[in-house]
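First up is the structure itself, then whatever we jot down about it.
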């Protein structure tokens, strides 16, 4: 493995173009038909589409096809309407937004943009979201693992251990906050220190930030050019099936990702439904309120159950719970029609199940089955 010497403190300031793979710096992006024409027209004969609509078209009373449910046209490759609405909701600029087919596509593109196969590395802090490592493995990028500290019954991020593990060819650092599967949110001051000291790109994954009391870091991308923040519509917004991952970063980083993404990575249905969903922030806030209440209820009641040894504090929409017999309890819950996640083989998660906060009725059923488990 060629990466062997820790990075020194006397590094040059953040240089995006030096960090990028050389072929990415000079790549000529694919130019799609819809990216070459952005105006309005009556007849589109540029993209080799089917001009007769699609089987999903609605028929009018006179037999004419209605275009409302026709998907014969390619979607907007840059999702301009969705980005404009998201920018207003989140208080950022549209050119700071990149949208992916789920956050997994965003992770994959970041690693492909920055990590030369068999040469560069990413840094992760297990236990954490598994796709960081999977995407690195696909790119044949090295993975540096700095385990979280289990300080008593709380998980913590050790800045000095993280920085000591950084190597000269470490391009990306993935920090999930609130973390999956621990539910831990890392203090803003801790994240700021790492972002300030690391000369590569720090990716803060905020998939669960809506459930947490601390503020998002999306507004810090103007202060830190090496900061990338990921969010999602899968959790608080309840749109996991639509697959829309959000990246907030400098316009320069967004342009890089736009140059290497598939031309039409966000489909028309997703764009349409997201635009409608974003009009209902009141629904999201109501769901967040109920979820937080139910999370606190589970955190109170689970420790009273005989098989539960510890419930870790959580700022996400799930709880990591240490139990006496994780596999047996998992099986008992599954037989009762309740599926949780067995995380007992993950680092620092021995004996633990990860339990998503459900509806009040679902949580009541969960508690009943766990109380009856012997």
Checking the conditions here, which among 256, 248, 311, 274 is farther than 28 Å from residue 101 by Cα and crowded, with 17+ Cβ neighbours inside 10 Å? 311
Of (1) more than 20 Å from residue 355 (Cβ to Cβ); (2) assigned to a loop (DSSP other than H, G, I, E, B), residue 241 satisfies every one except (2)
In the stretch 351-361, which residue that is more than 22 Å from the chain's Cα centre (by Cα) and surrounded by 14 or more Cβ atoms within 10 Å (Cβ to Cβ) is nearest to residue 297 (Cα to Cα)? 352
Considering only the stretch 314-350, state which residues are without any contact (Cβ under 8 Å) to a residue 60 or more places away in the chain and crowded, with 16+ Cβ neighbours inside 10 Å. 321, 322, 323, 326, 329, 330, 332, 333, 338, 340, 342, 344
Given the structure, is residue 109 closer than 30 Å to residue 75 by Cβ and either crowded, with 19+ Cβ neighbours inside 10 Å or touching a strand residue (DSSP E or B) at 6+ places or on another chain (Cβ under 8 Å) (or both)? yes
Test result for residue 241, at pLDDT 95 or above and either under 12 Å from the mean Cα position of the chain (by Cα) or crowded, with 20+ Cβ neighbours inside 10 Å (or both): no
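The values are calculated or read from the model by the stated rules, or taken from the named source; none is laboratory data. Note that the structure is predicted; figures quoted are calculated from it, not measured. Backbone-built Cβ (ideal geometry, glycine too); neighbour counts: all protein chains shown.
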